[in-house]
Amino acid sequence: MNPVHPKDRRPQRIAVLPGDGIGQDVTAEAVKVLETVASRFSLPLELEPFGWGADHYLATGETLPPGAYDDFRDNFSAILMGAFGDPRVPSNQHAADILLGTRFKLDLYINLRPVTLYHPTVCPLKDKDETNVDMVIFRENTEGAYVGVGGVFKQGTPDEIAVQEEINTRKGVERILRAAFEFARSRKRRKVTMADKANVMQHGHGLWRRTFAEVARDYPEIATESLFVDALAMLMVKTPEHFDVVVTNNLFGDILTDLGAALAGGLGVAASANLHPGQTSMFEPVHGSAPNLVGTGKANPMGSILSAALMLEYLGHEEAAQAIEAAVREEIRAGRTTEDLGGNLTTLEVGSRLVRTLRG
């Protein structure tokens, strides 16, 4: 769900990185769905698989080959990723280089997470339906507490000191705020809510408050509010209908988006987009690699499939994206899901059902 499109329209090469664990299982189903809608809607997609992940790293010692980020940026319209993480690589170095590296190297500063409830039966809250759980969260994706600035002094001693810095720049804060407002305007959403902790983090989050007020003046038709993140989290559970578009920093966004996913049925249906408007962007489900579920058929592929729908929308194929989302909604309402949503279908069966629905 994003209103911008990359400059390169034809052909549209898609890099597919299934990753580790159930990433490979769910990505296979997303690819099936993409191939189906590409045929149905005559989309100019070229899917190119890449086998980078834990197996490749353990075999070669290489996470990504030299020039991989430049290749993504220069030669692909989008990237579809699975999940990364493997117990054989305790450091998860390959995951950091592939996933976080792509976000930072391609400057994918928008992490967009729709929170969409497709049927009341999968919501853990009582008396809530599709009209109550319908928000979009914009998480700043390249700054904040996740940039790795800091250090450790006297490690391993009783006097150990660990410092972890949070980075907030005017440029970074303003561009994510403006992206949230532009989205609200283009989708005729009524309100943008910002989450911060400016009462105690007065310097960094004071910057967020000041910039939010300044940017909001350019969008007078959109209501605004600033909430401390703890109060916002409480309201998300109590009255999710209060929210429309939410924007926040990297750390708070990481937490709030998972909370939002729980309201919509769990991580199995949670999709995400990592965007830099007009440039190559990356799309992924937000669940982990879950090595214990590999090959069991229990992994829910809907998050990956809905991420593929977000990718199609970004690439300008809104009709195909809407068809995928409608098919997912139909299957959830009919109870044809994996067991995490109360169904009894396998990963492969869910993908096959969606393909059948999309073919009509």
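Every number in this text was worked out from the coordinates using simple rules, so none of it is lab data. All values derive from a computational prediction rather than experimental measurement. Neighbour counts run over all protein chains shown; Cβ positions are idealised from the backbone, glycine included.
Brief remarks on what is shown
- For the peptides 234-241, 209-216, 124-131, 96-103, residues were scored by their other Cβ atoms within 10 Å and the scores averaged per peptide; the highest-first order is 96-103, 209-216, 234-241, 124-131.
- Residues D254, D70, arranged from fewest to most other Cβ atoms within 10 angstrom of their Cβ, appear as D70, D254.
- When the chain is treated as a GNM with alpha-carbon contacts under 10 Å, the residue of F138, F41, F181 showing the greatest mean-square fluctuation is F41.
- Sorted largest first, extent of the range 224-337 alpha carbons per principal axis (Å): 40, 36, 29
- Diffusion coefficient of the range 36-181 by Stokes-Einstein, Kirkwood radius over Cα pairs, 10 °C, 1.306 mPa s: 82 µm²/s.
- With contacts taken as Cα pairs under 8 Å and at least 6 residues apart, the range 67-186 reaches a relative contact order of 18 percent.
- Links that overshoot a 27 Å alpha carbon limit, given the list K171/K191; K105/K238; K171/K238; K128/K191: K105/K238; K171/K238
- Peptides ranked, highest mean first, by Cβ atoms within 10 Å: ranges 298-308, 30-40, 143-153: 298-308, 30-40, 143-153
- Across the chain, the volume of the C-alpha convex hull divided among the residues equals 150 Å³ per residue.
- Euclidean distance between Cα centres, the range 128-154 to the range 272-300, Å: 16 Å
- In the chain, helices alone account for a calculated mean residue ellipticity at 222 nm of -12000 deg cm²/dmol, with every DSSP H run of four or more residues adding -39,500 (n - 2.57).
- For the range 125-247: relative contact order, % (alpha-carbon pairs under 8 angstrom, 6 or more apart): 34 percent
- Rg and Dmax of the range 134-266, both derived from C-alpha coordinates alone, stand at 16.2, 56 Å.
- The chain: relative contact order as a whole-number percent, Cα under 8 Å and 6+ apart: 25 percent
- Rg/Rh (Cα only; Kirkwood hydrodynamic radius) as it applies to the range 189-243: 1.00
- Separation in nanometres of the label points that stand 7 Å from Cα toward Cβ, at D107 and T60: 2.8 nm
- Bridge type composition, the range 143-247 - antiparallel percent by DSSP, nearest 5: 35 percent
- P(r) weight above 17 Å for the range 55-99, C-alpha pairs, percent: 37 percent
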